[in-house]
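No lab work stands behind these numbers, since they all come straight from the coordinates. Source: prediction; values computed, not measured. As a convention, Cβ positions derive from the backbone with ideal geometry for all residues, glycine included, and neighbour counts pool all protein chains shown.
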Amino acid sequence: MSVGNLPIHIVDLIAERPPRRKLKLTCNVTNTTSCDICILDAWIDVMAIDSLKLAEGKLFQSMHNRVDPAIIEAGGKGLGAFHIELPARVLQNIEERRAGGDVKLLFFSRVLISEISIVDDVKTLGVPFETAFESDGNGRFEYMIPQSEWIKILKSLAWSELEIVEFPSSKVRSVPPLARALERFKDAQECYRRGDWEESMLNCRKAFEAIVQDATGANDMGQADQVFVSLIGDGEKADRFKKVAKSLGDFLHLGRHENLPNISIKRKDSELALLLTGALLTYLGQQ
C-alpha cells in the first residue's frame, strides 16, 4: 500500500455558544489511494495568528452513516469534523493578535489509517500506517476566516471583550435611559472587532449622549450631571461619579478624529474606552 497524505477540504463552520464555546469545522477527506481505508486515529495541532496555539489533541471526528462500514472507499470522500474549544482566554489572545483582520487557522496532523482488505469475503483491517491531512501539498492545511465572517462568529460565540467583567446586558437594558446607550455600546464593540479604533471610541461617547438624550429629551450634555444624580441619587458618590464620567468623556473625545488629526488612536486606546464605558454603564444599571 502506497500511503500519501489525505487531501482535506472544509465545507462548513459552526460556532457553538457557551457554556461549551467552540468551533465545529465539517470537512471532506479524500482517499487518493487505490484501496479502501479506515481512519483509526488522529492527533491535531491548531495554530493561528503569530504562531498562537489554539488547541491540540484528538480534535478530529470521523463521521459515517450508521448503516455503512466506517471506511472511505478508494478514490472516494469521507465526512469528518474538527472540534476546537475556544475558552475566553484563547479568544482574547486571538483578538489581541487579529487587530481587526482575518483569522487564518493552520492545522498540523498525524493521522493513523489502515488499509481494508477482503479475506474470504470478510473485510479486514491491515497494518496501520501514519499519514497527514493536507491542502497545500506540505503535509498541513490552512483555513482562512475573513474578518466579516469572524465578526459573525464572535456574535454566535456570545463573545464580549468585557467578558471578564460579566457585563449585565439584560439588567442595563431594563433601565429606560440606558437601553439605547447599550446599543451604542454594542456598536462600539463591533467597531473594535473591525479594527476601527476611532469609531469605537466615538460610539462609547455616543452611549453617554444617548443616556442624556433619553433621560431629558434634549441633546444637551450640559445636563449630564442631573441625569447621573437621577440614576444614582444625590450625595458624595454621585459627585465622584460625575468627575469620573467627565474625565472619561474627555478621553473619548479623542475619537473625534476630525478635530484632532495629529493624535493617533490605537487598539489599546479603544480597549480602555470599552472597559471604562462598560464599567460605568454596569454601575448605572445596578442602582
Next item on the list: Show the residues, 5+ positions off or on another chain, whose built amide H is closer than 5 Å to the amide H of L54.
Entry: V46, M47, A48
Next item on the list: Determine one quarter of the surface area of the Cα convex hull of region 6-147, which equals its mean projected area, and express it in nm² to one decimal.
Entry: 9.5 nm²
Item checked: Mean Cβ neighbour count within 10 Å, used as a protection proxy, ranking 152-159, 35-42 highest first -> 35-42, 152-159
Margin query: Between 0 and 90 degrees, rounded to the nearest ten: what's the tilt of helix 236-252 against the longest Cα principal axis of the chain?
Written below: 60 degrees
Check: Once volume of the Cα convex hull per residue in Å³ is worked out from the coordinates, which option in (1) 134; (2) 146; (3) 121 does it equal?
Finding: (2)
Next item on the list: Run the numbers on the chain and let me know its relative contact order in percent, using alpha-carbon pairs under 8 Å that are six or more apart.
Entry: 16 percent
Margin query: Can you pull out the GluC sites (Glu not before Pro) in region 1-94 whose DSSP state is coil and whose Cβ has at most 15 other Cβ atoms within 10 Å?
Written below: E73
Checklist line | region 6-147: relative contact order in percent, alpha carbon pairs under 8 Å with at least 6 residues between | finding: 27 percent
Check: What ³J(HN,Hα) values, in whole Hz, does the Karplus curve 6.51 cos²θ - 1.76 cosθ + 1.60 give for region 191-203 when θ = phi - 60°, with x put for Gly and Pro?
Finding: 4, 4, 5, 7, x, 9, 5, 4, 5, 4, 5, 5, 6
Notebook entry, point to check: Among the lysines in region 6-147, how many pairs, 8 or more places apart or on different chains, have alpha carbons under 25 Å apart?
Noted result: 12
Next item on the list: Report, to the nearest 10°, how far helix 147-156 tilts away from the longest principal axis of the Cα atoms in the chain, using its own Cα long axis and a range of 0 to 90°.
Entry: 80 degrees
Check: Given H placed 1.01 Å from N in the peptide plane, which residues other than close sequence neighbours of L6 have an amide H under 5 Å from its amide H?
Finding: A132, F133, E134
Notebook entry, point to check: How high is the relative contact order of region 163-285, in percent, counting Cα pairs under 8 Å that sit 6 or more residues apart?
Noted result: 35 percent
Check: Considering only DSSP states other than H, G, I, E and B, which GluC sites (Glu not before Pro) in region 209-281 qualify as loop sites with at most 14 other Cβ atoms within 10 Å?
Finding: E258
